[in-house]
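Below: the structure, in structure tokens.
The values are calculated or read from the model by the stated rules, or taken from the named source; none is laboratory data. It should be emphasised that the depicted structure is a prediction, and the values quoted were computed from it without experimental measurement. Cβ placement follows ideal geometry from the backbone for every residue including glycine, while neighbour counts extend to all protein chains displayed.
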Amino acid sequence: MKDHLVIFDTTLRDGEQSPGASMTKDEKLRVARQLERMRVDVIEAGFAAASPGDFDAIRNIAETVKDSTVCSLARANEHDVRRAGEAIKPAQRGRIHTFIATSPIHMENKLRMTPDQVVEHAVQAVKWALEYTDDVEFSAEDAVRSDMDFLVRVFDAVIQAGASTINVPDTVGYSLPALWGERIRQLIERVPGSGKVVWSTHCHNDLGMAVANSLAAVMSGARQVECTINGLGERAGNASLEEIVMAVRTRQDIFSCETRLDTTQIVPASKLVSSITGFPVQPNKAIVGANAFAHESGIHQDGVIKHRETYEIMRAQDVGWSQNKLVLGKHSGRNAFKSRLAELGIVIESEEQLNQAFARFKELADKKHEIFDEDLQALMSDETVTPEQEHFKLVSLRVASETGEIPHARITIASGGTERKSEADGDGPVDACFKALERVADSRSELLLFSVNSITGGTDAQGEVTVRLAKDGRVVNGQGADTDIVVASVKAYINALNKLVSSPGKMNPQAQV
Ligand code: KIV
Ligand code: ZN
């Protein structure tokens, strides 16, 4: 019998801390449902004390998700822990994850606390958390730069207080596999009562070592890994869930543990997170990159045709890559549409939402004969925008672009119950559209990123555009999809503008005391 390796997904918390990756409550719920479908053990749904919106999002997930533990992060103070406790209350299984920094640099400069005070806060936070749930996790932030004797002391104290998961983070992505494995091994050996708890690791990717360090920790006895879909996270990101899960599964000759994940849900989860956050997946990314299973070179192709395992160590279908399936077309009815959405895990809340979505599907099917799963996912991403979030809405667009002429855009936008028109010239059709939009919106934001990807193959594919805007230190990503990439670009820009208007800035739990 192998040990169980707990997969703790923090896409909705640490992943969301990445500038521009913030998600709405509905988007978070869609991701949480997909994580549950993938059979992730623990979903860290957010940081409840950040704002009423974050609290609601966690509660919403706690009310909905049944098969995964729902967790909220809390700094080691009474207010945070109680907010986390309230937020996870409806969950069938709820966890509070409390943390405090333990490295000299953090204790002295950020917390301005003595080591004794840090131990006191940690113990007290665990005790408060136990008033809400018996599933309490404690993390020593910046464990990588913490003194080993002090870590042993803090972990001993929180285990005695009742913490059942002990997480050892490499907060700044500083470690190397051999060192990290050794640190975890020593902690497990030295901390009294270490056999009563699950040891966990949480690694950042600043030196590109997050997955390697996490796996080294697992080889030293860690039985929980904290990770994110696509490795989303602040700076260079967190350890990537898909890489960890597939490494453990593929190298069962090495690992003495296994996960319970349905790995065929990995690619759908990756696509969902990428399309919601607007963070594209690089083509050569392991497991979920578009080229991860593409055998370009003639030699490889020949080998793979003769015997797949000559060059492939995993099967594409085991991680959820399928041939783009033609699912629906122009003549498909409402029932076929609804049931395909259900198979994709997209929940339709009301008859009205179904009608609207179906009307948009018909519009798309008129332009594009073959509708793939990815098209439906993009279509439904647009559907989740609520009227309160739709401050600006595209009414019409006319673009003139001709060789030798200056591109020109004329645009009509609905905002606050009135229609406003605007026109502009630009260096290209997209530039003209964005200038025209900015004349109406007057957002004074800075365009940080404009990227276009095709959702499926073929020249009739929908283009999926991401626009990243920054204003007053806030960063938002907007997405738009359409068979016309200029229209997709305008939709993405408007989506980003709406996020700037409607979503408040995020509070970073690690940047505050
Ligand atoms: O990186 C980190 O230390 C964290 C903790 C809050 C667990 O995200
Ligand atoms: Zn982190």
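Do we find a residue being over 29 Å from Asp375 (Cα atoms) and touching a strand residue (DSSP E or B) at 6+ places or on another chain (Cβ under 7 Å) anywhere in segment 427-439?
yes
How many residues does segment 402-460 hold that are in contact (Cβ under 8 Å) with a residue 24 or more places away in the chain, charged (D, E, K, R) and over 30 Å from Ser322 (Cβ atoms)?
So the count comes out to 6.
Can you name the residue in segment 200-229 that is over 17 Å from Arg251 (Cβ atoms), without any contact (Cβ under 8 Å) to a residue 40 or more places away in the chain and in contact with a Gly (Cβ under 6 Å, 6 or more places away or on another chain) and is also surrounded by the most Cβ atoms within 10 Å (Cβ to Cβ) among such residues?
Among those that are over 17 Å from Arg251 (Cβ atoms), without any contact (Cβ under 8 Å) to a residue 40 or more places away in the chain and in contact with a Gly (Cβ under 6 Å, 6 or more places away or on another chain), it is His204.
Please find, among Ala21, Ala45, the residue that is at pLDDT below 95, among the small types (Gly, Ala, Ser), within 16 Å of ligand 2 (Cβ to nearest atom) and surrounded by 17 or more Cβ atoms within 10 Å (Cβ to Cβ).
Ala21
So that you can scan it fast, the table gives a plain yes or no per residue for (1) touching a strand residue (DSSP E or B) at 6+ places or on another chain (Cβ under 8 Å); (2) within 16 Å of ligand 2 (Cβ to nearest atom); (3) without any contact (Cβ under 8 Å) to a residue 40 or more places away in the chain:
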{"site": "Ser139", "(1), (2), (3)": "yes, yes, no"}
{"site": "Arg145", "(1), (2), (3)": "no, yes, no"}
{"site": "Val152", "(1), (2), (3)": "no, no, yes"}
{"site": "Phe155", "(1), (2), (3)": "yes, no, yes"}
{"site": "Thr165", "(1), (2), (3)": "yes, yes, no"}
{"site": "Val172", "(1), (2), (3)": "yes, yes, yes"}
{"site": "Glu182", "(1), (2), (3)": "no, no, yes"}
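Quick one: in segment 1-44, of everything that is in a loop (DSSP other than H, G, I, E, B) and hydroxyl-bearing (Ser, Thr, Tyr), which residue is farthest from the chain's Cα centre (by Cα)?
Thr24
Which residue is nearest to the chain's Cα centre (by Cα), if the candidates are limited to segment 465-509 and must be polar (S, T, N, Q) and at pLDDT 90 or above?
In this case the residue turns out to be Thr466.
Given (1) in a loop (DSSP other than H, G, I, E, B); (2) modelled with pLDDT of 95 or more; (3) within 16 Å of ligand 2 (Cβ to nearest atom); (4) acidic (Asp, Glu), where does Glu234 come up short, assuming only one miss?
Condition (2) is where Glu234 drops out.
May I ask you to list the residues in segment 200-231 that are within 12 Å of ligand 1 (Cβ to nearest atom) and either within 20 Å of Ala292 (Cβ to Cβ) or part of a loop (DSSP other than H, G, I, E, B) (or both)?
Asn205, Asp206, Ala210, Cys227, Thr228 - these are the residues of segment 200-231 that are within 12 Å of ligand 1 (Cβ to nearest atom) and either within 20 Å of Ala292 (Cβ to Cβ) or part of a loop (DSSP other than H, G, I, E, B) (or both).
Could you tell me whether any residue of segment 56-73 is touching a residue at least 60 places away in the same chain (Cβ under 8 Å), within 16 Å of ligand 2 (Cβ to nearest atom) and not hydroxyl-bearing (Ser, Thr, Tyr)?
yes
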